[in-house]
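Visitor: Sharing a structure here in structure tokens format.
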């Protein structure tokens with residue numbers, strides 16, 4: 001029987017994005033105007049809408065015209081902003097993989113970000129990477145956790161999931177997955193025994 005350790009990505013394996021001021025400047029708007037809209041319309045992007053649709057929806061709300069070229073630039077900046085893997089998280093992953101642990105990644109993130117992750121050397125530590133933007137459903141919905149279990153070929157009790165959002169932890173627990181709120185790599189290491 002395989003026991004899986006499943007990690008969220010944003011603000012679990014990586015630090016919080018640093019890109020918001022640069023994204024706002026690229027759109028030509030103030031950060032304080034941009035940031036609430038960035039988060040406010042993010043769910044549709046994480047559930048599979050295109051890069052252009054996401055940036056256009058922000059532009060429409062802040063009064064900025066978004067072209068295809070600008071969308072590509074904004075996407076590149078956004079991906080870079082989420083690319084800072086926390087050293088303590090990478091050390092945890094490497095240690096677990098070296099010990100033979102079965103690791104999976106489950107993240108609410110757009111498909112463009114998923115493509116970037118799969119190109120990274122550290123992504124090879126995971127036997128499965130599952131991004132909401134690719135499957136058009138997202139945490140905390142039951143559907144994505146059921147899909148994860150199907151792809152892993154695992155029963156819920158065979159998985160331990162770490163996420164920084166309580167709603168996602170509760171979503172995982174609702175389908176029987178053992179889940180913990182992320183409180184840093186040291187706490188995760190302790191939870192793993």
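Every number in this text was worked out from the coordinates using simple rules, so none of it is lab data. Keep in mind it's a predicted model, so treat the numbers as computed, not measured.
Visitor: Taking N as the number of residues in the range 132-185, what is its Cα Rg relative to 2.2 N^0.38 Å?
Guide: 1.06
Visitor: Ignoring everything except DSSP H segments at least 4 long, calculate the 222 nm mean residue ellipticity for the chain; use -39,500 (n - 2.57) per segment, divide by total residues, nearest 500.
Guide: -14500 deg cm²/dmol
Visitor: For the chain, what proportion of DSSP beta bridges, expressed in % and rounded to the nearest 5, is antiparallel?
Guide: Beta bridges within the chain, antiparallel portion: roughly 5 percent.
Visitor: Would you mind checking the tilt of helix 142-152 against the longest principal axis of the Cα atoms of the chain, expressed as 0 to 90 degrees and rounded to 10?
Guide: 60 degrees
Visitor: Counting just the Cα atoms, what span does the range 20-81 cover along each of its three principal axes? Round to the nearest Å and put the largest first.
Guide: 27, 22, 22
Visitor: Also, quick follow-up: Could you give the distance between the Cα centres of the range 1-20 and the range 25-60, to the whole Å?
Guide: 22 Å
Visitor: Also, I was wondering about something else. Counting only Cα, what are the radius of gyration and maximum Cα-Cα distance Dmax of the range 39-131, in Å?
Guide: Here Rg and the maximum Cα pair distance are 15.7, 52 Å.
Visitor: When the convex hull of the C-alpha atoms of the chain is computed, what volume per residue in Å³ does it have?
Guide: It comes to 107 Å³ per residue, whole-number rounded.
Visitor: Same structure, new question: Would you mind checking the tilt of helix 87-98 against the longest principal axis of the Cα atoms of the chain, expressed as 0 to 90 degrees and rounded to 10?
Guide: Taking Cα atoms only, the helix is inclined about 40 degrees.
Visitor: Bins of 10 Å, beginning at zero and ending with the bin holding the largest distance: percent of Cα pairs per bin for the range 92-193, please.
Guide: In whole percents, the pair-distance histogram is 15, 47, 36, 2.
Visitor: Cα axis of helix 51-62 to longest principal axis of the chain: angle in degrees, 0 to 90, nearest 10?
Guide: 50 degrees
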